[in-house]
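K.L.:
Sharing a structure here in structure tokens format.
The values are calculated or read from the model by the stated rules, or taken from the named source; none is laboratory data. Computed from a predicted model, the values in this text were never measured in an experiment. Note: ideal-geometry Cβ built from the backbone for every residue, glycine included; neighbour counts use all protein chains shown. The protein model used for the area step is the full one, side chains on, heavy atoms only, and it has no ligands, DNA or RNA in it. Shrake-Rupley method; radii C 1.70, N 1.55, O 1.52, S 1.80 Å.
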Amino acid sequence: MAFHRRLKQIRLHSEGNNILVQSALVLILLNGVLFYFLKDSNLIPFYGVFAVSAILYGIALNFFRCPIRQFGGDPEGTVVAAADGRIVVIEEVEENEYFHDRRLMVSIFMSITNVHANWFPVEGIVKKVVHHKGNFHKAWLPKASTENERSTVVIETPDGIDILVRQIAGAVARRIVTYAREDEDCYIDEHMGFIKFGSRVDVYLPIGTEVLVKMGQKTVGNQTVIAKLKR
């Protein structure tokens, strides 16, 4: 199976456009009015509000970033982190949505300070994309994988190995965006989707896969190698 690498040039998630523009206008208006009324007296309150405004807007910009990253290694048989965050689960579980057998699950939890773009963890062909409505339990709870709002993406690698990736909403996250489309090629370096606010991404691997990360380890999406598939 041959693949031609292509990159989707996504730098700022489109859902952030309205929020960022509206927030900027409100903050500019607020600071402008405050400066106008205080310019001839005491500007200390203005400087305080301006500093807080800049910090809050910086956090919003960081949240909606979709950085383009190049993986420098060999993608064959490689599973990269699908998100920035921290490893919270490495265990064998029963996967009953698609495989209906035991799989090795590696989960990455994203805090509100992490970039919330998600990357394809492997290269291959997208076989299945399904969105499930559900609850909004805290993302680090085990039941979040099966009960929360989530999107499931199944990818067949060039070696014929099926990998399942699940984007999961958390207690605060209320929207999952998935770019993956069935029957399309997908590549490491491409964005798979985006999740608003704190949430998690699970990757289901064949039993016996060599896991290269540890519990609590921080990950960088599309850069940290989390596992090597057996051929």
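K.L.:
Using a 1.4 angstrom probe with every protein chain in place, what is the largest-first accessible-area order of Glu94, Glu123, Glu156?
P.N.:
So, going from the largest accessible area down, we get Glu94, Glu156, Glu123.
K.L.:
Calculate, for segment 173-231, the solvent-accessible area per residue in square angstrom, rolling a 1.4 angstrom probe over the heavy atoms of the protein chains.
P.N.:
Solvent-accessible surface per residue comes out at 44 Å².
K.L.:
Something else now. Taking all protein chains as present, what is the carbon and sulfur share of the accessible area of segment 147-231, in % to the nearest whole number, probe 1.4 Å? Can you show the working numbers first?
P.N.:
Working: 1510 of 3210 Å².
Here it works out to 47 percent.
K.L.:
Shifting gears a bit: So, taking all protein chains as they sit and a 1.4 Å probe, how much accessible area belongs to Ile90, in Å² rounded to tens?
P.N.:
60
K.L.:
Another one. Can you list residues whose amide H is under 5 Å from Lys196's amide H, if they're 5+ apart or on another chain and H is modeled 1.01 Å from N?
P.N.:
Amide H neighbours of Lys196, under 5 Å, 5+ apart: Arg174, Arg175, Val177.
K.L.:
Ranked from the most accessible area to the least, with a 1.4 Å probe and all protein chains present, what is the order of Tyr57, Tyr204? Write out the running numbers ahead of the final one.
P.N.:
Values: Tyr57 60, Tyr204 10 Å².
Most to least solvent-accessible, the answer reads Tyr57, Tyr204.
K.L.:
Can you list the residues, at least 5 places off or on another chain, whose amide H is less than 5 Å from the amide H of Glu123, using H built in the peptide plane?
P.N.:
Under 5 Å from the amide H of Glu123 lie the amide H atoms of Ile188, each far enough along the sequence or on another chain.
K.L.:
Then there is this: Between beta-carbons, use under 12 Å as the cut-off and find the net charge around Asn96, counting Lys and Arg +1, Asp and Glu -1.
P.N.:
Numbers: positive: Arg102, Arg103; negative: Glu94, Glu95, Glu97, Asp101.
Net of charged neighbours comes to -2.
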